[in-house]
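In what follows, a structure is listed as C-alpha cells, so that the remarks can point back to it.
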Amino acid sequence: MNPNLNLARPEILTLQPYVYAAWDHRYERMHANENPWRAAGDDSTLGLNVYPESPAEALHARLAELYGVNIRQVLAGRGSDEGIDLLIRSFCRAGQDSIITCPPTFGFYRVAAEVQGAGVIEVPLIRSNEGFALDADKVLAACHNNTNVKLVFLCSPGNPPGNALDRAQMLSLCTQLNGRALVVVDEAYVEFTGRPSFTQVLADHPNLVILRTLSKAYALAGSRCGTTIADAEIISVLARVIPPYAIPTSTVESVLAATAPEQRTRIAQQIELLISERSRLSQELQHCSLIRHVFPSDANFILVECVDADVVFNAAKSVGLVVRDQRKQPQCGQCLRITVGTPEQNARLLQGIRNAGKLSA
Ligand SMILES: Cc1ncc(COP(=O)(O)O)c(C=O)c1O
C-alpha cells in the first residue's frame, strides 16, 4: 500500500462512493431518468440527452497516452482547478490541516484551501533577476514545524514568475516528504519549457502528484479539461470525491478530436511558434523605456516589472489589449503579466508600449 494514502481524510478513505448508472452499450437506457430524445441543436456523437460515461474511459485512455502514464494513474477534471480542489478536499481536514504554497504563485491554491477551511502556509520564492527560486530548506522546515501539512504546491513553470523551478530541489523535496506530505507539481505550462515532465519520475515518488491541463498548449481552455496524475491508489481516493458524471460529453468529444494523433504535429508547431514569439517579445520588451525588468520565462507569458505599471497597463488598453496586473502578488510591485499572443497581437502591444514611452519621455 502507498504509505501516503494515510494522509487522506479518514472519512474519505471509508466513504461509500456514489454508484453511477451503469454504462452498457448493449442496452437502451431506462435506468437514469434521462430524456429519450435529443435536444435541438445537439450535434454530439453520444447525445447530450444521456449522461456521459462515468468514469470517462475513452477520455482517460487518451489522457494516459498523451502524458505517457497508466490509465489508473490519471483522473480528468474540469480544468486542473478541479484537481487542486479535489486534492485539498480529500486530504485536508477543515480547521486542522494545511497546504504550503510558494508565492508569488497561482491564486487558486489559496482560494480552494480557504473554501475547505484548510490553513495556508506561505514559503516565498526567492526573487532574483534570473527569476524566482524555491526555498526548499524553508519548505522542509515548515513541514517539520507543522505536522498537519498535507500538500505542498510547487508551480513549475510558476505563474506569475514564468520560470521553471530547480528539478533537483523538487525531487529532493519529494524524497524527504514521502509519507509525510504530497508534493503537487503544477505543470500547467510545462509544454512550453522543453523540459521533461515530472510524470517520468512518478514511479520513484509515491507522494508525487502532477497537474496537467489542456487549457494552455492544447488550446482547449473552453473545454475545461485538466488531469491529475499520481500513484493509482492516490487517484482512487480523488475518484471517490469527484461528483458523478463530472466531465461533460462536449468536453470528452472536443478533447478526443483536438488531441487525436493526427493533430499532434500542428499542436507542436503552434507551441514552437509561441516559444519563438516569447523570446522575440522578451527581447523587444527589454528595450522599452517603460519596462524596468523582463523576467526569464519558460511559459506562454512573460512577467515584466514596469517603471509604472499603470502606464503600461493603459498603454496596452490603448491598442485594444488587456494584460494582467500582478501588483498584489508578493515581490511583484509594478509587475504585469503578459500572455504571448499572435505575432500581430505581440507587435501591437509593443507599439502601444513604445508610443506611451515616447509620450512620457
Ligand atoms: C499554474 C496554473 N495552474 C492551474 C491553472 C488552472 O488551469 P485549468 O483549470 O484551466 O486547467 C492555471 C490557470 O491559469 C494556472 O496558471
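The values are calculated or read from the model by the stated rules, or taken from the named source; none is laboratory data. Note that the structure is a prediction, hence the values are computed from the model and not measured. Positions of Cβ are backbone-derived with ideal geometry, glycine not excepted, and every protein chain shown enters the neighbour counts.
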Does GLU233 count as acidic (Asp, Glu), touching a Pro at 6+ places or on another chain (Cβ under 9 Å) and either within 13 Å of the ligand (Cβ to nearest atom) or not assigned by TED's automatic domain parsing to the domain that holds PRO124 (or both)? no
Hits in segment 48-66 (condition: surrounded by fewer than 17 Cβ atoms within 10 Å (Cβ to Cβ) and in a loop (DSSP other than H, G, I, E, B)): ASN49
Taking segment 67-92 as the search range and keeping residues that are within 17 Å of ALA219 (Cα to Cα) and part of a helix (DSSP H, G or I), which one is farthest from the ligand (Cβ to nearest atom)? TYR67
Tell me, please, whether a residue that is surrounded by fewer than 20 Cβ atoms within 10 Å (Cβ to Cβ) and of a type in the set (Val, Ile, Thr) can be found in segment 343-358. no
The one condition ALA32 fails out of (1) exposed (fewer than 14 other Cβ atoms within 10 Å of the Cβ); (2) touching a helix residue (DSSP H, G or I) at 6+ places or on another chain (Cβ under 8 Å); (3) free of Cβ contacts under 8 Å to residues at least 24 places away in the same chain is (2)
